[in-house]
1. Distance from the Cα centre of region 115-173 to that of region 26-82, in angstrom?
2. Please list, in order along region 153-158, the HN-Hα scalar couplings obtained from phi with the Karplus expression 6.51 cos²θ - 1.76 cosθ + 1.60 (θ = phi - 60°), rounded to whole Hz, x for Gly and Pro.
3. About its Cα centre, how strong a charge dipole does region 1-76 have in debye, to the nearest 20, once Lys and Arg get +1 and Asp and Glu get -1 at the Cβ?
4. Can you give the accessible area of THR88 in Å² (nearest 10), computed on protein heavy atoms with a 1.4 Å probe?
5. Give the long-range amide H neighbours of GLY125: residues separated by 5 or more places, or on another chain, with amide H under 5 Å away, using H modelled in the peptide plane at 1.01 Å from N.
6. From the protein chains alone at 1.4 Å, what is the descending order of accessible area for GLU58, GLU34, largest first?
7. If the label point is 7 Å along Cα→Cβ of GLU26, which residues in region 97-122 have backbone nitrogen under 12 Å from it?
8. Relative contact order, percent, of the chain when contacts are C-alpha pairs under 8 Å separated by at least 6 residues?
Amino acid sequence: VSNDYVVEISHLGILNALLSSASEGEAFKSEIMECFKQKNGHEIKKICEKHQISKEKEQLLCDFVSVYGSADKVIDKLSSFNVSESFTSSINELKELLALIDKTEYKDKIRLDFSIVNDMNYYNGIVFKGFIHGVPVSVLSGGRYDRLMQRVNKKAGAIGFAVYLDEVDRILD
């Protein structure tokens, strides 16, 4: 449709591990996820204070909200975060995906952006959105949804995506 596009990738395992390291409270996690969606570090501080989260964890969350951009830059920054084994495992999974993408002609079109926080009850692992220049919203959205398979008693992995043709139509006109 267009050569002027970008695909943004996130990993919900990284987000979940980071949030769980600060608090197991669902209200806290939900509020912080909204801040991640909006890249709102200022509100993170207020929420951490309200939920009595340590200053160390608060700073980690505030640092994390500003991590986005090219894969190399983001992976280097994330590698400096000392969170948990689950966090590191999710980073390694993301690194494996990026290593595969690096072998393709599309590597310069990929950005990591953890403001992509699709429904964590549905999605897990890698999630993504695609954008085309001239369209103000994503035209592609998807990710892994193994949890859905588990809820219907299937022992299988799943990944899917949607292309929003009504949005693509904006540039075709």
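1. Cα centroid to Cα centroid, the span is 23 Å.
2. Residue by residue, region 153-158 yields 6, 10, 9, 8, x, 8 Hz.
3. Numbers: 9 positive and 13 negative charges, 42 e Å.
Here the size comes out at about 200 debye.
4. 70
5. HN-HN under 5 Å from GLY125: LEU12, GLY13.
6. Values: GLU58 20, GLU34 80 Å².
Ranked list, largest accessible area first: GLU34, GLU58.
7. 121
8. Details: 256 pairs, mean separation 50.4, N = 173.
The value is 29 percent.
The values are calculated or read from the model by the stated rules, or taken from the named source; none is laboratory data. What you see is a predicted model; the values in this text were computed from it and never measured. Virtual Cβ from ideal backbone geometry, glycine too; neighbours counted across all protein chains shown. Note: areas computed on protein heavy atoms with side chains; ligands, DNA, RNA excluded. Shrake-Rupley method; radii C 1.70, N 1.55, O 1.52, S 1.80 Å.
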